[in-house]
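J.: Below are the structure tokens for one structure; questions will follow.
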Amino acid sequence: MEKNLLRIAITHGDINGIGYEILLKAFAEPMFAELFCPIVYGSAVVEKYWRDALQIESEPWQLISQASEARPGQVNLIDVCGEQIQVQPGEANRTSGMAALAALERAMSDIKSRQCDALVTAPINKSAMPVDVFPFKGHTDYLAHKCGAEARGLMILFSDECRVALATTHCALQEVSQHLSVDLIVDKLQQMEHSLIQDFGIVKPRIALLSVNPHASDHGLMGDEEERILLPALEQAQREHILCFGPYAADGFWGSDSSMRFDAILAIYHDQGLAPFKALYMNRGVNFTANLPFVRTSPDHGTGYDIVGKGVASEESLRSAVYAAIDIYRARSRYQEATKSPLRKTYFEKGNDNEKLETPPGGEE
């Protein structure tokens, strides 16, 4: 059984935030790691600092040099920082940014070489990430870049039966409309449908599209993005047999039970989708990057500088992110196995005395 446990790479995130608190709390529960083999990419010095500062009692993490050395039944730690690292709680600085990047780079290397099966990332602070070496707006952009031009990472936050994706992610509100186009919305709907089928096992998902403007613009009284972009995009996606509907006014949609009537929701901009989602599912939600060649999840919260060191951070979202990574990995494996060698289409030739299975006209023998 232990030989079949997935190796989950977990990056430590921002060392000055709550990343180590939620990791230490999660692994303090002995049963947490029974379903997987954890490999933390972090720092032995930082782990000891936070273990002592927070007075969290749990089994010590085992230092290893390579992912291949990881053993089930223990927390395996690959040190990517060295002994000179210093923790400054609640501060966004270059040291914490470089430590977060070092963990990401090493974990990505092991994911790409298939030494690890899935990736879970603890929160980073974008302002602490040095722009000269990390010119990205977050994990999603970084991971897509590392996977090459073919990767179109799509952020999906989910909990229970609610799944929310974003048409635009980390851009200023005044720039949202500039980024919208029919092609963009259709592409996001296509990506969502594929991920819902492959990663969540939903055979024919129903997707709701939210509007840009209040009251879905009231037929052009408050903007024209609905008529000019969203409705044509829905029509095109529907011609491709995607079950998508809308655009729905966001306030009424979230204020009713409409979110439970669909398998997923495509929000237009960041706070339109994530503010209601986090109000409903904070500390339980999972951030999933769909359409990468590997599975990546994360807690749905940030570095928590305002509560760092107080011992009040909840590890529930991290725990959910790890279990979600396992579930999605298995669902994707089942899907790929089921679809890798589809049977060629055949039909019965009717009317012959000795009815038999024939190769269709133009088909291969």
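J.: Per the 1.4 Å probe, what fraction of the accessible area of the chain, in percent, lies on carbon and sulfur atoms? Intermediate values should be presented prior to the final figure.
T.: Values: 8730 of 17720 Å².
Carbon with sulfur: 49 percent of the solvent-accessible area.
J.: Another question, if that's okay. Let me check against my output: what whole-number percent is the relative contact order of region 200-328, with C-alpha pairs under 8 Å and at least 6 apart? Walk me through the numbers on the way to the answer.
T.: Values: 161 pairs, mean separation 29.3, N = 129.
Here the relative contact order equals 23 percent.
J.: Quick check: net charge around Phe134, other residues with Cβ under 15 Å of its Cβ, Lys/Arg +1 and Asp/Glu -1? Display every interim value, and only then the final one.
T.: Details: positive: Arg94, Arg106, Lys126, Lys137, Lys146; negative: Asp14, Glu105, Asp132, Asp141.
Charge balance near Phe134 sits at +1.
J.: Please list, in chain and number order, the residues 5+ apart from Gln62 or on another chain whose amide H is under 5 Å from its amide H, with Hs placed from the backbone.
T.: Those lying under 5 Å, H to H, from Gln62 are Val75, Asn76, Leu77.
J.: Sorting Ser298, Ser314 by accessible area (1.4 Å probe), largest first, what list results?
T.: On the way: Ser298 5, Ser314 40 Å².
Of Ser298, Ser314, the descending order of accessible area is Ser314, Ser298.
J.: May I ask for the net charge around Ala313, where only other residues with Cβ less than 9 Å from the Cβ of Ala313 are counted and Lys, Arg are +1 while Asp, Glu are -1?
T.: On the way: positive: Lys25, Lys310; negative: Glu21, Glu315.
That works out to 0.
J.: Using 7 Å Cα-to-Cβ label points, what is the Lys112/Gln66 separation (nm, one decimal)?
T.: 1.9 nm
J.: Pop a pseudo-label 7 angstrom from the Cα along the beta-carbon direction at both Lys340 and Ser256 and give the gap in nm to one decimal.
T.: The answer from the label model is 4.5 nm.
J.: Moving to a separate point now. Accessible area per residue of the chain at 1.4 Å probe, in Å²? Each step should come with its number before you reach the end.
T.: On the way: 17720 Å² over 365 residues.
Accessible area per residue, the chain: 49 Å².
J.: If you don't mind, another one. Quick check: the distance between the Cα centres of region 66-124 and region 197-227, to the nearest angstrom?
T.: That distance is 38 Å.
J.: Hey, another quick one. Obtain the nm distance between the two label points defined at His219 and Ala279 by a simple spin-label model: each point lies 7 Å from its Cα along the Cα-to-C-beta direction.
T.: In this crude spin-label approximation the distance works out to 2.9 nm.
J.: A further question on this structure: Rounded to the nearest 500 deg cm²/dmol, what is the calculated helix-only ellipticity per residue at 222 nm for the chain, with -39500 (n - 2.57) per DSSP H run of length n ≥ 4?
T.: Working: 10 runs with 122 residues, N = 365.
Result for the chain: -10500 deg cm²/dmol, rounded to the nearest 500.
J.: Here is a further query. I'd like the antiparallel share, as a percent to the nearest 5, of DSSP beta bridges with both residues in region 40-187. Kindly include the intermediate steps, with their values, before the conclusion.
T.: On the way: 4 of 10 bridges.
Within region 40-187, antiparallel bridges account for around 40 percent of the total.
J.: So, one more: When Lys and Arg each count +1 and Asp and Glu each count -1, what net charge do the other residues less than 15 Å away from Gly304, Cβ to Cβ, add up to? Present the calculation step by step, with values, prior to reporting the outcome.
T.: Details: positive: Lys25, Lys126, Lys278, Lys310; negative: Asp14, Glu21, Glu91, Asp300, Asp306, Glu315, Glu316.
Taking every other residue near Gly304 into account, the sum is -3.
J.: Using θ = phi - 60° and the Karplus form 6.51 cos²θ - 1.76 cosθ + 1.60, what ³J(HN,Hα) does each residue of region 160-171 get, whole Hz, x for Gly and Pro?
T.: Using θ = phi - 60°, the values come out as 6, 9, 9, 10, 10, 10, 10, 6, 10, 10, 9, 9 Hz.
J.: How many percent of DSSP beta bridges within the chain run antiparallel, rounded to 5?
T.: Details: 14 of 44 bridges.
Percentage antiparallel, nearest 5: 30.
J.: Moving on. Roughly speaking, what is the stretch gain from Ile307 to Ser58, that is 0.36 nm per residue apart minus the C-alpha to C-alpha distance, in nm to one decimal?
T.: Details: separation 249, 0.36 × 249 = 89.64 nm, distance 2.17 nm.
That pair, Ile307 and Ser58, stretches by 87.5 nm at full extension.
J.: Filter the cross-link list Lys188/Lys278; Lys126/Lys278; Lys25/Lys188; Lys126/Lys204; Lys112/Lys310; Lys126/Lys340 down to pairs whose alpha-carbon distance in this structure exceeds 30 Å. Each step should come with its number before you reach the end.
T.: On the way: Lys188/Lys278 21 Å; Lys126/Lys278 20 Å; Lys25/Lys188 36 Å; Lys126/Lys204 36 Å; Lys112/Lys310 37 Å; Lys126/Lys340 39 Å.
Too far apart for the 30 Å limit: Lys25/Lys188; Lys126/Lys204; Lys112/Lys310; Lys126/Lys340.
J.: On a 1.4 Å probe surface of the protein chains, which of Glu21, Glu316 comes out largest in accessible area, and what is the full order?
T.: Values: Glu21 5, Glu316 80 Å².
Descending accessible area places them as Glu316, Glu21.
J.: Let me ask another. Sequence-distant or interchain residues sharing an amide H contact under 5 Å with Tyr248, placed H: which?
T.: Those qualifying (amide H under 5 Å, at least 5 residues apart or on another chain) are Leu209, Leu210, Ser211.
J.: With θ set to phi - 60° and the Karplus curve 6.51 cos²θ - 1.76 cosθ + 1.60, what are the ³J(HN,Hα) couplings of region 23-40 in order, to the nearest whole Hz, using x for Gly and Pro?
T.: Couplings: 5, 5, 5, 4, 7, 5, 7, x, 7, 4, 9, 5, 8, 7, 9, x, 10, 8 Hz.
J.: Now, a different point. Tell me, what is the 1.4 Å probe accessible area of Ser259, in Å² to the nearest 10?
T.: 10 Å²
J.: Have a look at Gly13, Gly42, Gly138 and tell me which one the Gaussian network model of the chain (Cα, springs below 10 Å) gives the largest fluctuation.
T.: Looking only at Gly13, Gly42, Gly138, the largest GNM fluctuation is found for Gly138.
J.: Moving on. Between Glu235 and Ser181, what is 0.36 nm times their sequence separation minus the Cα-Cα distance? Round to one decimal in nm. Intermediate results must be reported in sequence, preceding the final value.
T.: Numbers: separation 54, 0.36 × 54 = 19.44 nm, distance 1.35 nm.
Difference between extended and current length: 18.1 nm.
The values are calculated or read from the model by the stated rules, or taken from the named source; none is laboratory data. In this text, all values refer to a predicted model and were calculated from it rather than measured experimentally. In this analysis, Cβ positions are derived from the backbone assuming ideal geometry, glycine residues included, and neighbour counts consider all displayed protein chains. Just the protein is used for accessible areas: all its heavy atoms, side chains included, with ligands, DNA and RNA removed. Shrake-Rupley method; radii C 1.70, N 1.55, O 1.52, S 1.80 Å.
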